[in-house]
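Contents: one structure, followed by commentary.
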Amino acid sequence: MKVILEIQRYDPNQNIEPYFQSYEMETQPEERLLTVLMRIKQELDPSLGFRKSCAHGVCGSDAMVVNGKERLACKTLIKDVVTDIDRSIRVEPLQTLPLQRDLMVDQTHFFQNYMQVKPFLINPDSPPEAERLQSPKERQQIDEGTSCILCASCYSACPIIQEKNPDFLGPAAVIQAARFLDDSRDRGFAERLPELDQDNGIWPCENHFECTRVCPRGIKITKTINLTKRSITKYKDLTLS
Amino acid sequence: MIKEYDAVIVGAGGAGLYAALEASKKAKIAVLSKLYPVRSHTGAAQGGIGAALGNVEEDKPEWHAFDTVKGGDYLTDQDAALVLAEEAVRAVYDLEHRGLPFSRTPEGKIDQRRFGGHTRNFGEAAVRRSCYAADRTGHMILQTLYQQCIKNEVSFYNEVQLLDVLLEGKRCTGVIAYDLATGEIITFKAKAVLFANGGVGRMFRVTSNAYANTGDGQALLARRGVPLEDMEFFQFHPTGIREMGILITEGVRGEGGILRNSTGERFMERYSPTMLDLAPRDIVSRAIVTEIRAGHGIKGDGQIDDYVFLDASHLGREVIESKLPEIADFVRTYLDIDPVESPIPVHPTAHYAMGGIPTDLEGCVIADEKGTKIDGLYAAGECACVSVHGANRLGTNSLVDLIVFGRRAGIHMGRFVQESNPHPVSPDSAASIEAQIKALKKRKNGPAPEMIRKRMQNSMMAKVGIYRNGRDMAETVEELRELRQMYREVGCPDLSQAFNTAVLEVFDLGHRLENPYITAVWALNREESRGAHAREDFPERDDTNWLKHTLAWLEGEDIRFGYKPVDISRWEPKPRKY
Ligand SMILES: Cc1cc2nc3c(=O)[nH]c(=O)nc-3n(C[C@H](O)[C@H](O)[C@H](O)COP(=O)(O)OP(=O)(O)OC[C@H]3O[C@@H](n4cnc5c(N)ncnc54)[C@H](O)[C@@H]3O)c2cc1C
Ligand code: SF4
Ligand code: FES
């Protein structure tokens, strides 16, 4: 199947503004978009810049905006993004993060927000010799959150970060915080509270559901944000009274 | 630019991160990684980490060690296997204490499942030894260790790629690396360097390995005169998604999945009456290829791309969604198949290098047959060869290896740098790399790197894969020699400074040409069949002549061989039956 890829290009040393370049490629409907990008790089244009590693949706390297939606290139098949009538695929870098080159964006801020919520188990008690016990149900509670691959799709799709508050902590960081707050082994609620319970913390979220829509891991992000807001309120009510 | 640290760790997968946690307690260290740490391929590991916790049935580290030795077709060093199995138990508890979300038993303990080659009481029957977190165990390990590194404020240099290593005599004094963002060359001056740069699977066309797994550390050390050990042993995992190579974990068979040929027969009954589908990987991969060659593949044409079925449909939705959710997702995304309803088309996929940089039990790199150390040089993880995996690694044993030997190497290195003084590094140590990059960017009309890469991967796949023979391998060696010549003329058309991924692709290809060359020459040299190394022209294991590790030195286009004895202090080598 012949497709036309319209890819955003930008080299900071040469271009003032990003521009689009099109590549016509013969593809298979079941081919991964990442494979097609690799073929462009290897066969046509080695200068095309993008990130990749695992090629099967587990490392979070290749999130980008495809036909207007955040996706992992390696989990997008050509047939998912073309129709019989429209054989063009528009490929752009993630939004809300500074552009570095072509499809690569600077993830520093995204990772800073992640680190800010103290994404590690906090429990001052010394552990037993063997494992800490946790019931299957308690374990299930954190299942979704632990599957996050930090791809930043949600951060890119968030209308709050795009339009209102670029300093909003963002969906992924809240998911990571919740992953620990909801872990029966964690004791870090108080320690993480100041990071979440502040103007740029969890509160800016207005339930646009864009993050949930794009998350390649199917995490119900908006729901988790709301549940976390509720536990914060409850926690504060309890500690204040 | 020159930066100075006590120690540098190259690689931020499971091995590098664990070593960093230990070493940073005592020393100022930096971790360099060509990927953001959480993108490392440890995150792709699915099925589990083996440890004889005995949570669901009786188990002992000694049984685990024995299985590791037998699984490795007796090329495993037995002292190392005992360390691995004994320390595995503590390693798993340690990960749990650090927050790793293991799947649980009804009593709240870490749940365990069956895996290939892991048995009760020295081979009686399959045992539940693999500790797992659904089918994202590696992801959870990588996340947990990275979280701990954040907590302990380890310094990372992300997207900074190793391009050379500084060795002066029998001493390592640092590394040279390329900063992707700026194109700048950085000399890292250090009292010690630990290599944890992972595997080399990308030398084959169909592989479960990431694009980043190009074996840079192994290649660069070989160029600098460090021997590599047992490189002829490369594992093909039996169940990769047809043509794509994406891994379908052995955990599927651990939970009860069954391999079937075109007639619907459970063919493993004929190859491994006791362990069936859970025989070690080398045996199952050969069985699949034998079935395909006999015309019992699903297509039935006996071609290299024919396949068999892995049937998990009888496990039921509940088990598949809760214990194998990632697999279900891959199969749905890439094949448009629901594993609850239909079998999965699979064939073997290039997976894991048993060989690598030779080390002792503390991760110190060995320079020769006598075990002479290179001061300040360490290796751990898939790039290293302790050797705990011998001629064939058991599933779940790599993740244990990362933690157990990553930890040991980190501790030893932390101590070493406290006791040693920095060595001077010549101010123009980066000059040669800088000149290479300049030359690359000037060269015009060279051969296409793409053509070289494809020919290398196809040749390795067809001729140095699961079944091997002298004639085919000699052809690959010849072809690789030719490709290595051609590589010298390759140029880089992208002249930019910032985020120039094209330059790094050219370097990667150069590293990728060293590893298959070494693998093919080594494989041609070993005239026996053992573990993953199966020769049609030498079908038997030959303990009289070949119960020994290969050490080999790359000397330009030539290879010098040496041998190292195998530790067999505990169990007498026996014929391997399952
Ligand atoms: C799909 C899959 C499933 C698996 N499942 C299991 C399993 O269930 N159980 C099990 O025990 N094993 C499993 N394995 C094997 C195991 O996951 C790997 O062997 C192991 O994770 C390798 O870890 P590592 O730390 O050595 O390297 P990696 O995790 O590969 O990390 C390598 C690091 O080195 C860095 N690096 C590489 N080159 C350079 C360079 N030139 N400069 C700077 N940095 C560099 C990379 O950025 C990366 O950070 C699986 C493997 C695969 C591919
Ligand atoms: S929550 Fe989903 S979209 Fe956001 S970073 Fe994690 S995996 Fe990506
Ligand atoms: S390349 Fe790893 S998620 Fe796509």
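The values are calculated or read from the model by the stated rules, or taken from the named source; none is laboratory data. Note that the structure is predicted; figures quoted are calculated from it, not measured. No Cβ is skipped: glycine too gets one built from the backbone with ideal geometry, and neighbour counts run over all protein chains shown. Areas reflect the complete protein model, heavy atoms only, side chains present, ligands, DNA and RNA absent. Shrake-Rupley method; radii C 1.70, N 1.55, O 1.52, S 1.80 Å.
Within the range B:516-528, is there a residue that is open to solvent by 10 Å² or more (accessible area, probe 1.4 Å), more than 14 Å from every other protein chain (Cβ to nearest Cβ), charged (D, E, K, R) and part of a loop (DSSP other than H, G, I, E, B)?
So far as the range B:516-528 goes, yes, one or more of its residues are open to solvent by 10 Å² or more (accessible area, probe 1.4 Å), more than 14 Å from every other protein chain (Cβ to nearest Cβ), charged (D, E, K, R) and part of a loop (DSSP other than H, G, I, E, B).
State all residues of the range B:221-245 that are within 16 Å of ligand 3 (Cβ to nearest atom) and open to solvent by 10 Å² or more (accessible area, probe 1.4 Å); if no residue qualifies, say none.
Within the range B:221-245, just B:Met244 meets the criteria.
Looking at A:Gln14, A:Gln95 in this structure, which one is over 17 Å from the mean Cα position of the chain (by Cα) and either farther than 22 Å from A:Pro166 by Cα or not assigned by TED's automatic domain parsing to the domain that holds A:Pro171 (or both)?
Only one candidate qualifies: A:Gln14.
If B:Ser130 satisfies all but one of (1) within 16 Å of ligand 2 (Cβ to nearest atom); (2) closer than 30 Å to B:Ser272 by Cβ, what's the number of the condition it fails?
Answer for B:Ser130: the failing condition is (1).
For every residue, the table says whether it meets (1) within 19 Å of the chain's Cα centre (by Cα); (2) facing chain A (nearest Cβ under 10 Å); (3) outside any helix (DSSP H, G or I).
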position	(1), (2), (3)
B:Asn55	no, yes, yes
B:Asp59	no, no, yes
B:Trp63	no, no, no
B:Ala80	yes, no, no
B:Val89	no, yes, no
B:Pro101	no, yes, yes
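Could you figure out which of (1) open to solvent by 40 Å² or more (accessible area, probe 1.4 Å); (2) in contact (Cβ under 8 Å) with a residue 40 or more places away in the chain isn't true of B:Phe330?
B:Phe330 satisfies every listed condition except (1).
Can you tell me which of (1) open to solvent by 10 Å² or more (accessible area, probe 1.4 Å); (2) within 14 Å of chain A (Cβ to nearest Cβ) is the one B:Cys492 doesn't meet?
(1)
Scan the range B:430-444 and give yes if some residue there is part of a loop (DSSP other than H, G, I, E, B) and either at pLDDT 95 or above or crowded, with 21+ Cβ neighbours inside 10 Å (or both), otherwise no.
Looking through the range B:430-444, at least one residue is part of a loop (DSSP other than H, G, I, E, B) and either at pLDDT 95 or above or crowded, with 21+ Cβ neighbours inside 10 Å (or both).
Where in the range B:204-282 are there helices (runs of 4 or more DSSP H), lying wholly inside it, with at least 2 residues that are of a type in the set (Gly, Ala, Ser) and either at pLDDT below 95 or over 17 Å from the mean Cα position of the chain (by Cα) (or both)?
Once the helices (runs of 4 or more DSSP H) in the range B:204-282 are filtered for at least 2 residues that are of a type in the set (Gly, Ala, Ser) and either at pLDDT below 95 or over 17 Å from the mean Cα position of the chain (by Cα) (or both), what remains is B:251-254.
Looking only at the range A:174-198, filter to residues that are within 26 Å of A:Phe209 (Cβ to Cβ) and touching a residue at least 60 places away in the same chain (Cβ under 8 Å); which one of those is most open to solvent (accessible area, probe 1.4 Å)?
Among those that are within 26 Å of A:Phe209 (Cβ to Cβ) and touching a residue at least 60 places away in the same chain (Cβ under 8 Å), it is A:Glu195.
How many residues, within the range B:394-429, are surrounded by fewer than 19 Cβ atoms within 10 Å (Cβ to Cβ) and not in a loop (DSSP other than H, G, I, E, B)?
4
Taking the range B:305-321 on its own, how many of its residues are in contact (Cβ under 8 Å) with a residue 40 or more places away in the chain and outside any loop (DSSP other than H, G, I, E, B)?
Final tally of qualifying residues: 7.
Restricting attention to the range B:291-311, does a residue exist that is open to solvent by 40 Å² or more (accessible area, probe 1.4 Å) and on the phi > 0 side of the Ramachandran plot?
No, that holds for no residue.
Check whether at least one residue in the range A:126-149 is out of contact with any strand residue (DSSP E or B) (no Cβ under 9 Å at 6 or more places or on another chain), closer than 24 Å to A:Thr96 by Cα and not polar (S, T, N, Q), and report yes or no.
Within the range A:126-149, one or more residues are out of contact with any strand residue (DSSP E or B) (no Cβ under 9 Å at 6 or more places or on another chain), closer than 24 Å to A:Thr96 by Cα and not polar (S, T, N, Q).
Would you check which residues across the range A:138-186 are of a type in the set (Ser, Thr, Tyr) and more than 8 Å from ligand 2 (Cβ to nearest atom) and list them?
A:Thr146, A:Ser156, A:Ser184
Could you list, in sequence order, all residues of the range B:529-563 that are more than 25 Å from B:Leu483 (Cα to Cα) and in a loop (DSSP other than H, G, I, E, B)?
B:Ser529, B:Gly531, B:Ala532, B:Glu536, B:Asp537, B:Phe538, B:Pro539, B:Glu540, B:Arg541, B:Asp542, B:Leu547, listed by residue number.
Of the residues that make up the range B:328-346, is at least one of a type in the set (A, V, I, L, M, F, W, C), within 16 Å of ligand 3 (Cβ to nearest atom) and outside any strand (DSSP E or B)?
Yes - at least one qualifying residue is present in the range B:328-346.
For B:Glu96, are the conditions met, namely being open to solvent by less than 10 Å² (accessible area, probe 1.4 Å), away from ligand 1 (no atom under 13 Å from the Cβ), within 14 Å of another protein chain (Cβ to nearest Cβ) and among the charged types (D, E, K, R)?
Judged against the criteria, B:Glu96 is a match.
Tally time: how many residues in the range B:254-274 are open to solvent by 10 Å² or more (accessible area, probe 1.4 Å) and either closer than 15 Å to B:Gly71 by Cβ or among the hydrophobic types (A, V, I, L, M, F, W, C) (or both)?
The number of residues fulfilling the criteria is 2.
Residues are listed down the side, and each one gets a yes or a no for (1) in the same structural domain as A:Leu94 (by TED's automatic domain parsing); (2) away from ligand 3 (no atom under 16 Å from the Cβ); (3) within 17 Å of the chain's Cα centre (by Cα):
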residue	(1), (2), (3)
A:Glu144	no, yes, yes
A:Leu150	no, no, yes
A:Pro166	no, yes, yes
A:Ala173	no, yes, yes
A:Asp182	no, yes, no
A:Arg192	no, yes, no
A:Asp197	no, yes, no
A:Thr212	no, yes, yes
A:Ile225	no, yes, yes
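Let me confirm something: among A:Val58, A:Val105, which residue is open to solvent by less than 40 Å² (accessible area, probe 1.4 Å), within 16 Å of ligand 1 (Cβ to nearest atom) and either within 18 Å of B:Tyr36 (Cβ to Cβ) or within 12 Å of chain B (Cβ to nearest Cβ) (or both)?
Of the residues listed, the single one that is open to solvent by less than 40 Å² (accessible area, probe 1.4 Å), within 16 Å of ligand 1 (Cβ to nearest atom) and either within 18 Å of B:Tyr36 (Cβ to Cβ) or within 12 Å of chain B (Cβ to nearest Cβ) (or both) is A:Val58.
Report every pair of residues separated by at least 6 positions or lying on different chains whose Cβ atoms are under 7 Å apart, first residue within the range A:44-64 and among the charged types (D, E, K, R), second more than 15 Å from ligand 2 (Cβ to nearest atom).
A:Arg51/A:Met104; A:Lys52/A:Leu34; A:Lys52/B:Tyr211; A:Asp62/A:Leu34; A:Asp62/A:Phe50; A:Asp62/A:Lys52
Check the range A:7-26 and report whether any residue there is within 30 Å of B:Pro447 (Cα to Cα) and of a type in the set (Val, Ile, Thr).
Yes, the conditions are met somewhere in the range A:7-26.
Any residue at all in the range B:353-361 that's farther than 21 Å from B:Val31 by Cα and open to solvent by 10 Å² or more (accessible area, probe 1.4 Å)?
Yes, some residue in the range B:353-361 is farther than 21 Å from B:Val31 by Cα and open to solvent by 10 Å² or more (accessible area, probe 1.4 Å).
Looking at the range A:12-21, is at least one residue at the interface with chain B (Cβ under 10 Å from one of its Cβ atoms) and open to solvent by less than 30 Å² (accessible area, probe 1.4 Å)?
No, that holds for no residue.
With the checklist (1) under 16 Å from A:Phe110 (Cβ atoms); (2) in contact with a helix residue (DSSP H, G or I) (Cβ under 6 Å, 6 or more places away or on another chain) in hand, flag the one item A:Thr228 doesn't pass.
In the conditions (1) under 16 Å from A:Phe110 (Cβ atoms); (2) in contact with a helix residue (DSSP H, G or I) (Cβ under 6 Å, 6 or more places away or on another chain), A:Thr228 misses (1) alone.
Evaluate the range B:192-200: report whether one residue or more is farther than 30 Å from B:Lys28 by Cβ and either away from every other protein chain (no Cβ under 14 Å) or near ligand 1 (Cβ under 10 Å from one of its atoms) (or both).
yes
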